[in-house]
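Novice: Structure incoming, see below.
The values are calculated or read from the model by the stated rules, or taken from the named source; none is laboratory data. In this text, all values refer to a predicted model and were calculated from it rather than measured experimentally. Note that we place each Cβ from the backbone using ideal geometry, even for glycine, and neighbour counts take in every protein chain shown. Side chains are part of the model used for accessible areas, which takes the heavy atoms of the whole protein and leaves out ligands, DNA and RNA. Shrake-Rupley method; radii C 1.70, N 1.55, O 1.52, S 1.80 Å.
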Amino acid sequence: MQKESVSETEIRMMDNYLKGYCLNRRLLRLNRYEQEYFGWQATEEDLPGEEPLARARMFEIRHFITDMNNSTEKLLLYYHYIRGESVERCGELLNISRAGAYRLKKRAITAAVRHAKESERRVPTEGSQSTEESA
């Protein structure tokens, strides 16, 4: 059985999708900081449900990674995208060289694209619309 090839565009889109975890975590921290230090309170003009949506996206990304087959690639994705460790630090944790960690990251993202295709999940694509928008 031959493995399906993965394009550079798919790799970039998956990387961007996984980076969404860190972005949403920062958004939640900023909101908490504003509330704590500036007394900021959400108003009607603010986007309703911004925080629950960020948490839901974080859960989706975390679930996507933890749903992958157990492997070194899965560990790198977890530590890099979920725990926020640098690729170099992930290499240290996994006892591999810096260059090896970057090669592993590319293999891990490729494995994530294949996992998304196999599990028939929606792989983020350019110009794609959610099912809610198209309905």
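Novice: Filter the range 82-109 down to the residues that are in contact (Cβ under 8 Å) with a residue 40 or more places away in the chain and assigned to a helix (DSSP H, G or I) and list them by number. Before you say what the answer is, go through the steps one by one.
Specialist: The first filter runs over the range 82-109 and keeps only residues in contact (Cβ under 8 Å) with a residue 40 or more places away in the chain, leaving 82, 84, 106, 109.
The answer is Ile82, Lys106, Ile109.
Novice: Here are some conditions: (1) modelled with pLDDT under 90; (2) under 30 Å from Ile109 (Cβ atoms); (3) surrounded by fewer than 12 Cβ atoms within 10 Å (Cβ to Cβ). Arg57 meets all but one. Which one does it not meet?
Specialist: (3)
Novice: If I ask for residues that are β-branched (Val, Ile, Thr) and either open to solvent by less than 50 Å² (accessible area, probe 1.4 Å) or at pLDDT below 80 (or both), which ones from the range 1-53 would you list? Step through it out loud before you land on a result.
Specialist: Residues of the range 1-53 β-branched (Val, Ile, Thr): 6, 9, 11, 43.
Matches in the range 1-53: Val6, Ile11, Thr43.
Novice: For the range 89-99, which residues satisfy the criterion of being under 20 Å from Leu18 (Cβ atoms) and open to solvent by less than 60 Å² (accessible area, probe 1.4 Å)?
Specialist: Passing the criteria: Cys90, Gly91, Leu94.
Novice: Have a look at Arg62, Arg121 and point out the one that is surrounded by 12 or more Cβ atoms within 10 Å (Cβ to Cβ), closer than 21 Å to Val6 by Cα, modelled with pLDDT under 95 and among the basic types (Lys, Arg). Talk me through it step by step, then tell me what you get.
Specialist: Numbers: Arg62 fails: closer than 21 Å to Val6 by Cα.
Answer to the selection: Arg121.
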